[in-house]
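Here is the structure we will look at.
Each reported figure results from applying straightforward, stated rules to the coordinates on display, with no laboratory input. Not measured: the values here are computed from a predicted model. Positions of Cβ are generated from backbone atoms using ideal geometry, with glycine treated the same way; all protein chains shown enter the neighbour counts.
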């Protein structure tokens, strides 16, 4: 079985003048199609840096990264941007919605970059808004929506391009417990429909929705295990 994400001995250092600050120290990891993986670890463990590399927002200092059969470790910025738009759907803690656009326009945005015509774009955007139960709010702007509704718009935007993986960085970090629970139910539903999800979180109850939990410490993988306590509802 071919992995969607293949990381081989990934190192990442940042340089402050002549001082080298190593953040990732030889990470090797395979994630397969339709897996649901949580990346966990204390602050400073390297999980955000690893997520940025998986998401093609950053490149490794050394090592190899194959994403869906594309070797992205050597790519230039413009090539990475193209891969990102095609292969990865992002969901961030801060939602990152454009305030002047409606929910529908925010969701359709990746399709604008992909060069799709307006009619088809809006049709596809409406389909994913339906999946997250937000068709009735499609013409509202972010300031007219609750935090949970904004995050659902962000999830719909991540799905609209039909990406190989959904990358979620602390997706419930700004939400109350009840809303967090609702958002995680949507991720469960997305996973069951065949999507591959990589979730970065420091909260155990959020990680317990994933089927596999990878823990980082000091830039290395401390443990990688199947989750026996899957929180399926």
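Would you check if residue 109 is under 24 Å from residue 132 (Cβ atoms) and surrounded by 15 or more Cβ atoms within 10 Å (Cβ to Cβ)? Can you show your working first?
Working: under 24 Å from residue 132 (Cβ atoms): yes; surrounded by 15 or more Cβ atoms within 10 Å (Cβ to Cβ): yes.
Judged against the criteria, residue 109 is a match.
Quick check: is even one residue across the range 70-81 within 19 Å of residue 196 (Cβ to Cβ) and under 15 Å from the mean Cα position of the chain (by Cα)?
no
Of the residues that sit in the range 111-121 and are out of contact with any helix residue (DSSP H, G or I) (no Cβ under 6 Å at 6 or more places or on another chain) and assigned to a helix (DSSP H, G or I), which one is farthest from residue 81 (Cα to Cα)?
Taking the range 111-121 and keeping what is out of contact with any helix residue (DSSP H, G or I) (no Cβ under 6 Å at 6 or more places or on another chain), we get 112, 114-120.
Still in the running and assigned to a helix (DSSP H, G or I): 112, 118-120.
Numbers: 112: 14, 118: 22, 119: 25, 120: 23 Å.
Result: 119.
Residue pairs, Cβ under 8 Å, 6 or more apart or interchain, first in the range 176-197 and in contact (Cβ under 8 Å) with a residue 24 or more places away in the chain and at positive phi, second surrounded by fewer than 21 Cβ atoms within 10 Å (Cβ to Cβ) and in a strand (DSSP E or B). List them.
Short answer, once both residue conditions are applied: none.
Taking the range 130-146 on its own, how many of its residues are more than 18 Å from the chain's Cα centre (by Cα), part of a helix (DSSP H, G or I), surrounded by 13 or more Cβ atoms within 10 Å (Cβ to Cβ) and touching a residue at least 24 places away in the same chain (Cβ under 8 Å)?
2
Which ones in the range 147-166 are in a helix (DSSP H, G or I) and more than 18 Å from residue 176 (Cβ to Cβ)? Talk me through it step by step, then tell me what you get.
Here is the first cut: in the range 147-166, the ones in a helix (DSSP H, G or I) are 147-159.
Correct list: 156, 157, 158, 159.
Of all residues in the range 87-103, which are under 13 Å from residue 156 (Cβ atoms) and part of a helix (DSSP H, G or I)?
103
Regarding residue 74, is this residue without any contact (Cβ under 8 Å) to a residue 24 or more places away in the chain, more than 30 Å from residue 228 (Cα to Cα) and assigned to a loop (DSSP other than H, G, I, E, B)? I'd like the intermediate steps shown before the answer.
Details: without any contact (Cβ under 8 Å) to a residue 24 or more places away in the chain: yes; more than 30 Å from residue 228 (Cα to Cα): yes; assigned to a loop (DSSP other than H, G, I, E, B): yes.
Yes: the conditions hold for residue 74.
Restricting attention to the range 169-184, and to residues there that are out of contact with any helix residue (DSSP H, G or I) (no Cβ under 7 Å at 6 or more places or on another chain) and part of a loop (DSSP other than H, G, I, E, B), which single residue is surrounded by the most Cβ atoms within 10 Å (Cβ to Cβ)?
The extreme case among them is 170.
Please go through the range 193-211 and pick out each residue that is crowded, with 17+ Cβ neighbours inside 10 Å and not in a loop (DSSP other than H, G, I, E, B).
196, 197, 198, 199, 200, 206, 207
Report the residue count in the range 212-227 for those that are under 15 Å from residue 43 (Cβ atoms) and either touching a strand residue (DSSP E or B) at 6+ places or on another chain (Cβ under 6 Å) or assigned to a strand (DSSP E or B) (or both).
Summing the residues that are under 15 Å from residue 43 (Cβ atoms) and either touching a strand residue (DSSP E or B) at 6+ places or on another chain (Cβ under 6 Å) or assigned to a strand (DSSP E or B) (or both) in the range 212-227 gives 5.
I want to confirm something. Restricting to the range 159-168 and keeping residues that are surrounded by fewer than 22 Cβ atoms within 10 Å (Cβ to Cβ) and in contact with a helix residue (DSSP H, G or I) (Cβ under 6 Å, 6 or more places away or on another chain), which single residue is farthest from residue 36 (Cα to Cα)?
Restricting attention to the range 159-168, the residues satisfying the condition of being surrounded by fewer than 22 Cβ atoms within 10 Å (Cβ to Cβ) are 161-164.
Now drop any that are not in contact with a helix residue (DSSP H, G or I) (Cβ under 6 Å, 6 or more places away or on another chain), which leaves 161, 163-164.
Working: 161: 19, 163: 14, 164: 12 Å.
Taking the candidates together, the pick is 161.
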